[in-house]
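Working notes for the structure below.
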Amino acid sequence: MATAVLSGLGHTDKAKTYDFRLRPTPGQITTYAISTEMTPIGAEGKAGFAATVRSKFLGKKGQELKWHHTTTVRSAQGTGVFQGFADNIKAVDGFNFIAVTNDLGAVLRYEKNEALSANSETPNLVFPGRPIPVGGRWKIDISVGGKKIGVTYTLKAIENRNGRELGRVEGQYDPGQGVTALEPTTIWFDTRTGETEAGKGSVTYGENGRGVKLSFTVKRI
């Protein structure tokens, strides 16, 4: 589990502020293992998948950072109301695209793949763009499936692990959006490079007694 893997000596210096940014090196390659489990609310079935995403940094031009992503599906399953889910997930095996972001992590646009919307679609951690202390908060709108969702992030701690400094952020979804956190979405990232190290979360999504319970983990490998 991410909490066990990343447990280490944490420290809190509320007098210090941090201005986090993405600072990749040219040509760097980062690979993540992602797993997701879903169960329906008010229906029968379950679904899930495991995949790896390989991200290569292509370069920076002005304020834009360009990344090439390739997805490899390791496993997928779906039963009940999720019948057919596995086939849909397996169909994206080998899916690759280029994402253009700013140095805060917000997606500006996608390129080189007609299957993706030309509009910004940012499901990942986005930094605040200003110095913050431990305990500092910032709010952003992420976009998932074309829907804007407000999230408030809190920098909970700066932790040392094997000589590396990691930031730990927790995210809470704004009320009234149909998304309820069963546990805070937690993300660990390298404070020097801004790269995500690991993350986990569990939410319910839906309204009127219908929806999905979704749990996910992501880990840099």
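If the condition is being at pLDDT below 90, over 25 Å from Val212 (Cβ atoms) and not in a strand (DSSP E or B), then region 148-202 contributes Asn162, Gly163. For first residues located in region 162-174 and within 15 Å of Phe20 (Cα to Cα), partners that are assigned to a loop (DSSP other than H, G, I, E, B) and lie 6+ apart or on another chain with Cβ distances below 7 Å form the pairs Glu165/Thr191; Glu165/Arg192; Leu166/Thr191; Gly167/Phe20; Gly167/Thr191; Val169/Leu125.
On inspection, Val92 does not qualify as modelled with pLDDT of 95 or more and touching a strand residue (DSSP E or B) at 6+ places or on another chain (Cβ under 7 Å). State which residue is surrounded by the fewest Cβ atoms within 10 Å (Cβ to Cβ) when the search covers only region 134-147 and only residues that are modelled with pLDDT of 95 or more and closer than 23 Å to Asn102 by Cβ. Residue satisfying both the conditions and the ranking: Arg137. Taking residues in region 24-47 that are of a type in the set (S, T, N, Q), and partners anywhere that are surrounded by 14 or more Cβ atoms within 10 Å (Cβ to Cβ) and outside any strand (DSSP E or B), the pairs with Cβ atoms closer than 7 Å and at least 6 places apart or on different chains are Thr30/Glu195. Scan region 188-202 for residues that are within 19 Å of Pro131 (Cβ to Cβ) and within 12 Å of the chain's Cα centre (by Cα) and the total you get is 1.
The values are calculated or read from the model by the stated rules, or taken from the named source; none is laboratory data. All values reported here derive from a predicted model rather than from experimental measurement. As a convention, Cβ positions derive from the backbone with ideal geometry for all residues, glycine included, and neighbour counts pool all protein chains shown.
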